Amino acid sequence: MDDCIIFSEGQQPFIKKVSRSSTHIEIYNPVTGSFDKFRFHAVLKGRMTRNPQRFLYAGKEKTDPYEEWDVWQHIHHLNPSPVSIS
């Protein structure tokens, strides 16, 4: 299980433990009372170093939260564990 930042409109981003065996995760939406599909994305920190770190995040449907949110700010604020790069 890996840490993943969930970016959901109308809510503060939060960390959820996820399995990378799928390309998406379903998150309960308390407003609609149903589950919404969130797709995984990743950013790489220090790619030119000996110790690169990959961070997972997820956005609703096919939208990449990187275009609408300051993903790096939330990574620094929420401090998720990086996933292993194998």
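The values are calculated or read from the model by the stated rules, or taken from the named source; none is laboratory data. This is a predicted model, so every value here is computed, not measured. Note: ideal-geometry Cβ built from the backbone for every residue, glycine included; neighbour counts use all protein chains shown. In case anyone asks, the SASA skips ligands and DNA or RNA and just uses the protein heavy atoms, side chains included. Shrake-Rupley method; radii C 1.70, N 1.55, O 1.52, S 1.80 Å.
Key figures for this structure:
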item: Answer label for P(r) over Cα pairs in 10 Å bins from 0, in percent (calculated), chosen among [x] 16, 48, 22, 8, 5, 2, 0; [y] 17, 52, 26, 4, 1; [z] 15, 32, 24, 17, 10, 3, 0; result: [y]
item: Virtual spin-label span in nm between Leu44 and Gln11, 7 Å along Cα→Cβ; result: 3.0
item: Accessible area of Leu78 in the full protein assembly, 1.4 Å probe (Å², nearest 10); result: 50
item: The chain, relative contact order [Cα under 8 Å, separation at least 6], %; result: 30
item: Accessible carbon and sulfur surface of the chain relative to its total accessible area, %, 1.4 Å; result: 47
item: Loop-resident sites, the stretch 24-53, for trypsin sites (Lys or Arg not before Pro), counting at most 14 other Cβ within 10 Å (DSSP); result: Arg47, Arg50
item: Accessible area per residue in Å² at 1.4 Å probe, computed on the chain; result: 69
item: Neighbour cut-off at most 12 other Cβ (10 Å), DSSP loop, GluC sites (Glu not before Pro), the stretch 55-86; result: Glu68
item: Partners for Lys16 among aspartates and glutamates (Cα-Cα distance below 13 Å; same-chain residues under 8 apart left out); result: Asp2, Asp3, Glu26
item: By accessible area with a 1.4 Å probe, ligands and nucleic acids excluded, highest first: order of Lys62, Lys17; result: Lys62, Lys17
